[in-house]
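Heads up, the thing below is written out as structure tokens.
The values are calculated or read from the model by the stated rules, or taken from the named source; none is laboratory data. Since this is a predicted model, take the numbers as computed values, not measurements. With ideal geometry, Cβ positions are generated from the backbone for all residues, glycine too; neighbour counts draw on all protein chains shown. The protein model used for the area step is the full one, side chains on, heavy atoms only, and it has no ligands, DNA or RNA in it. Shrake-Rupley method; radii C 1.70, N 1.55, O 1.52, S 1.80 Å.
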Amino acid sequence: MNDEELLRYSRHVLLNEIGVEGQERIRAATMLVIGAGGLGSPAAYYLASAGVARILLVDGDSVDLTNLQRQILHTTDRVGMPKAESGQKTLAAINPEVDVVPIARRVEAADLETLVADATVVLDCSDNFATRHAANRACVAHRKPLVSGAAVRFDGQIAVFDLRHEDSPCYACLFPPGDAEDELCAVMGVFAPLTGIIGTMQAAEALKLATEIGETLQGRLLLLDALAMRWHSVRVSRDPGCPVCGPTAARQAG
Ligand SMILES: [Zn+2]
């Protein structure tokens with residue numbers, strides 16, 4: 001790191017757990033942020049300000065007036081602009097040293113394979129189960145850590161699936177594909193700061209994974225009831241019959 005970088009990241013360097021070595025790991029990390037909305041906005045803010053090398057910012061939508069209540073990457077004058085590009089502008093203003101790659105399309109499975117292979121950590125900040133399951137399948141295939149977040153109404157949740165560990169559960173162990181959960185997230189109400197809380201925690205877990213410090217949410221699901229402001233923690237185990245990471249998965253896929 002040069003002198004300016006040492007200054008910019010000094011408050012991280014001052015932390016014994018991070019230091020110069022940890023900050024250099026952050027400076028070398030590529031973060032795949034799927035979704036530049038309520039969760040992806042705060043997540044990408046902190047990843048950019050903390051100085052990751054690259055952010056692959058994926059979002060196929062354009063900025064809409066109804067987004068601005070919580071999607072803090074975007075501004076009123078950017079209504080109509082692709083969210084990935086709006087996010088790139090905001091993040092470049094915070095930290096021009098970060099290479100933000102806008103991917104302004106809805107990613108499909110084949111797309112995700114390539115993107116996940118390039119990533120150090122994957123942050124699922126999407127709002128639909130098709131993307132969530134596609135991201136999980138790619139993370140299982142490439143053994144990449146996945147930080148999964150969700151927020152709807154006053155309910156938030158966050159979990160880490162670190163597929164580098166042999167005994168790690170995956171997203172599909174917890175939410176089996178085909179469990180017809182609603183696809184109505186896009187039209188349900190959501191409490192604005194709840195997305196900020198969960199998205200910010202996703203950035204925290206992603207940075208811990210990149211620097212290999214502390215204990216992550218690996219194998220735990222944290223649930224937040226923001227109306228009561230109460231957290232619950234639930235242990236998540238690997239499902240031996242999981243169609244994605246279980247022993248029969250390869251046969252089914254092949
Ligand atoms: Zn699984």
query: Which residues, taken from the stretch 144-153, are within 13 Å of the ligand (Cβ to nearest atom) and not polar (S, T, N, Q)?
result: L146
query: Take the residues of the stretch 89-114 that are in contact (Cβ under 8 Å) with a residue 24 or more places away in the chain and in a loop (DSSP other than H, G, I, E, B): which is most open to solvent (accessible area, probe 1.4 Å)?
result: R106
task: Of the conditions (1) closer than 23 Å to H232 by Cβ; (2) touching a Gly at 6+ places or on another chain (Cβ under 9 Å); (3) among the acidic types (D, E), D155 clears all except one; give me its number.
output: (2)
query: In the set G196, G156, which member is open to solvent by less than 50 Å² (accessible area, probe 1.4 Å), more than 16 Å from the ligand (Cβ to nearest atom) and in contact with a Pro (Cβ under 7 Å, 6 or more places away or on another chain)?
result: G196
statement: Checking G199, G246, G214, G241 in turn, the sole residue that is in contact with a helix residue (DSSP H, G or I) (Cβ under 7 Å, 6 or more places away or on another chain) and either over 21 Å from V20 (Cα atoms) or assigned to a strand (DSSP E or B) (or both) turns out to be G199
- prompt: Which of the residues that make up the stretch 1-25 are surrounded by fewer than 22 Cβ atoms within 10 Å (Cβ to Cβ), touching a residue at least 24 places away in the same chain (Cβ under 8 Å) and part of a helix (DSSP H, G or I)?
  reply: E5, R8, H12, G22, R25
Among the residues listed as F161, F175, the single one being more than 16 Å from the chain's Cα centre (by Cα), touching a residue at least 12 places away in the same chain (Cβ under 8 Å) and surrounded by 15 or more Cβ atoms within 10 Å (Cβ to Cβ): F175
Residues that are surrounded by fewer than 24 Cβ atoms within 10 Å (Cβ to Cβ) and either in contact with a Cys (Cβ under 7 Å, 6 or more places away or on another chain) or closer than 19 Å to P96 by Cβ (or both), drawn from the stretch 51-71: G51, A53, R54, L56
message: Could you tell me how many of the residues in the stretch 115-145 are on the phi > 0 side of the Ramachandran plot and crowded, with 22+ Cβ neighbours inside 10 Å?
response: 0
